[in-house]
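*Asks:* I have a structure here, written as structure tokens, and I will follow up with some questions on it.
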Amino acid sequence: MKFIPILTEKSLQLAKQGKYSFWVNRNLIKKEIKKLIGEIFSVNVISVRTMNYKGGVKTNPKRRKITIPDRKKAIVLLKEGEKIGLFETKESKK
């Protein structure tokens, strides 16, 4: 099973609130995502929100057509005080 963490500025801000974002297999339902995330990262998942993203055809700078596949994004809310280590960032002192 493939869970790809989404490491953008917005997702890292959500991670501070206990909401973690992943690209998941399009065939998974919320109950399965909840169970698998809990088992893989040893955390208690409270809720799962999912979004489907439609793929399409895009053009790259060399004017070649690129096919983007359909994707599914899951935002997982964890029990308070629990964390997933992949989303931890180092604070820089100024």
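*Asks:* Just the accessible area per residue of the chain, please: how many Å² with a 1.4 Å probe?
*Replies:* In whole numbers, the chain has 79 Å² accessible per residue.
*Asks:* Oh, and also: Of 19/65; 31/65; 2/79; 35/65; 16/72, which sit over 26 Å apart, Cα to Cα?
*Replies:* Checking Cα-Cα distances, 19/65; 31/65; 35/65 exceed 26 Å.
*Asks:* Under the rule of -39500 (n - 2.57) per DSSP H run of 4 or more residues, summed and divided by the residues of the chain, what mean residue ellipticity at 222 nm is obtained, to the nearest 500 deg cm²/dmol?
*Replies:* Per the formula, -6000 deg cm²/dmol.
*Asks:* Going by the alpha-carbon gyration tensor, a ≥ b ≥ c the square roots of its eigenvalues, is the range 1-72 rounded (a/c under 1.5) or, if a/c is not under 1.5, prolate (a/b greater than b/c) versus oblate?
*Replies:* Values: a/c = 2.92, a/b = 1.81, b/c = 1.61.
It is prolate, given that a/c is not under 1.5 and a/b is the larger ratio.
*Asks:* Here is a follow-up. Amide H neighbours of residue 53 under 5 Å, counting only residues 5+ apart in sequence or on other chains, H built in-plane at 1.01 Å?
*Replies:* 71, 72, 73
*Asks:* Kindly report, to the nearest 10 Å², the accessible surface of residue 39 as traced by a 1.4 Å probe over protein heavy atoms only.
*Replies:* Answer for residue 39: close to 110 Å² accessible.
*Asks:* Turning to a different aspect of this structure: Compute a Gaussian network model of the chain, connecting alpha carbons closer than 10 Å, and tell me which residue from 52, 25, 44 fluctuates the most.
*Replies:* 52
*Asks:* Mind grabbing the accessible area of residue 4 for me, 1.4 Å probe, Å², rounded to tens?
*Replies:* Rounded to the nearest 10, that gives 80 Å².
*Asks:* Please give the helix 30-41 orientation as an angle from the longest Cα principal axis of the chain, in degrees from 0 to 90, rounded to the nearest 10.
*Replies:* The angle comes out near 60 degrees.
The values are calculated or read from the model by the stated rules, or taken from the named source; none is laboratory data. In this text the structure is predicted, and so the values were computed from the model without any measurement. Note: accessible area is taken over every heavy atom of the protein model, side chains too, but ligands, DNA and RNA are not part of it. Shrake-Rupley method; radii C 1.70, N 1.55, O 1.52, S 1.80 Å.
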